[in-house]
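Just so you know, all these numbers are worked out from the coordinates, no wet-lab data involved. None of these values were measured; they are calculated from a predicted model. Positions of Cβ are backbone-derived with ideal geometry, glycine not excepted, and every protein chain shown enters the neighbour counts.
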């Protein structure tokens, strides 16, 4: 089996429009969550989110591209460009045939659906733009990435709600490790901060109206964000041979299913995924210094996740740092695991542990070191990234310092 | 409650349907747990109250005890719905 290197990273999210800005914000414990700004927001009861600010698509794309790119695709293209440029890979010629794209998104072109439903149902129009379907389809972003960089190998999109990008990156890892591809552009994106997107979530009554406070006893729900995280996962020997800078090693991956409830999380399912990722990476629990939590800030997730981590790590759980960066960038649904992987890379490369901000009151049911409010400097050689989706689909990645 | 039996009956009908029980099996002192209504059933019931009475129910599943809407028993729910309907009519 081959080893897998991360040789490029890109992002856009509420904390910044690139990786350095995002990591600086995580280091400072800055909050990217604020009042939502879009049409009809006054008809919502939830009016906060981690919105990408100052986004001007025309700065990055031409008119024809904009007519084909939903916001989730725009975010993906920007993040992919950063990742590919950092990797220094050239996909022209034979290399492109050995490379592909595996991305996660839960909703795909939600804004395109929302705008066009509005136009035919509310405004009574009888025609929509001819590109509605190629714009809203979940694989649009993966396809445009493959087209932009001539990646002609395996490409597809994974939709497993809040675990989409972890599943996507896990499959990319397995594909490179098995020799099925030399490099895969992977990660995920989401852009559902619009009236219809939030209205649907409101009904579940799991959203906070004021802040995302993971693990805090007074937490009162999740806050949505938007954005993308994209990486280049590359065959380790290939990366070494061309002298590429390796950001971290993807060492293991595990996925499990609760087979229990469509919304409530299960400790057993999460625990099996965490233990499975350790086993797959051949990591002893004691080697792991940091876990990027799923940490949604709901009553149910955070206590279940803490119990799962505590049981999977045994006595080492008390020495482990675990934080939820959703407190800063919001829950980016199908793209969240990709943005959160940046916190793991920062821990491994820079020795900086991103904090859980908004932490106000200890919860005895979340009695782990959640790195409250302030980032910490600590050398870490291995890290995990958790994602546990609605529908009981769990995906955990294990990373090692390069 | 006596002065407003229709709200009471309509709330009980919604709860009974959610619990898959006959209306006379739903007692005022019973809790949702006793009726076998889980978190999804609760959220669906609240949606049904909002639709039935054209009201907006303040309820966050993350902190049920902090919400203004008391769900501790069938009688409490009836009282909470009556209050919201009265507030709507006064507005």
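For chain A, modelled as a Gaussian network with Cα springs under 10 Å, which listed residue fluctuates most, A:165, A:327, A:257? Per the Cα network of chain A with a 10 Å cutoff, A:257 tops the list. Shielding of peptide B:9-21 by partners, expressed as the average count of other chain Cβ atoms within 10 Å per residue Cβ, is 0.
Relative to one another, the C-alpha centroids of the range A:349-372 and the range B:5-69 are positioned 36 Å apart. Panel order for B:24, A:70, by other beta carbons found within 10 Å of each beta carbon, from fewest to most: B:24, A:70. Projected label points at residue A:47 and residue A:315, each 7 Å from Cα along the beta carbon direction, are separated by 5.3 nanometres.
Distance between the modelled labels on residue B:68 and residue A:381, one decimal in nanometres: 5.7 nm (7 Å Cα→Cβ projection).
What does the structure give for B:39-50 when I average, per residue, the other chain Cβ atoms found within 10 Å of the residue Cβ? Could you put the intermediate results ahead of the total?
On the way: counts 7, 5, 0, 1, 5, 1, 0, 2, 3, 0, 0, 1.
Averaged over the peptide's residues, the number is 2.
Over the range A:93-224, the hull volume per residue, using the convex hull of the C-alpha atoms, is 122 Å³. Rg over Rh for the protein assembly as shown works out to 1.01, using Cα positions for both radii and the Kirkwood form for Rh.
Each part reduced to its alpha carbon centroid, the range A:80-111 and the range A:129-190 end up 7 Å apart.
Quick one: order B:33, A:325, A:21 by neighbouring beta-carbon count within 10 Å, fewest to most. All intermediate terms of the calculation are to be shown ahead of the outcome.
Working: B:33 9, A:325 30, A:21 15.
Exposure proxy ranking, most exposed first: B:33, A:21, A:325.
Considering only DSSP beta bridges with both partners in the protein assembly as shown, what is the antiparallel share in %, to the nearest 5?
Details: 41 of 62 bridges.
Bridges in the protein assembly as shown are about 65 percent antiparallel.
Taking every DSSP beta bridge that has both ends in the range A:4-241, the antiparallel portion is near 60%.
By count of other Cβ within 10 Å, fewest leading, how are A:316, A:17 ordered?
Fewest to most other Cβ atoms nearby, the residues stand as A:316, A:17.
With both residues required to sit in the range A:252-400, DSSP beta bridges show an antiparallel share near 65%. Counting only Cα atoms, the range A:252-400 measures 39, 36, 30 Å along its principal axes, largest extent leading. Of all the options A:234, A:190, A:361, the one that moves most in a Gaussian network model of chain A with Cα springs shorter than 10 angstrom is A:361. Mean-square fluctuation check for chain A, GNM, Cα pairs under 10 Å: which of A:303, A:135, A:379 is largest? Answer for the Gaussian network model of chain A: A:379. From most to least packed by mean Cβ count within 10 Å, the peptides A:333-344, A:204-215 give A:333-344, A:204-215.
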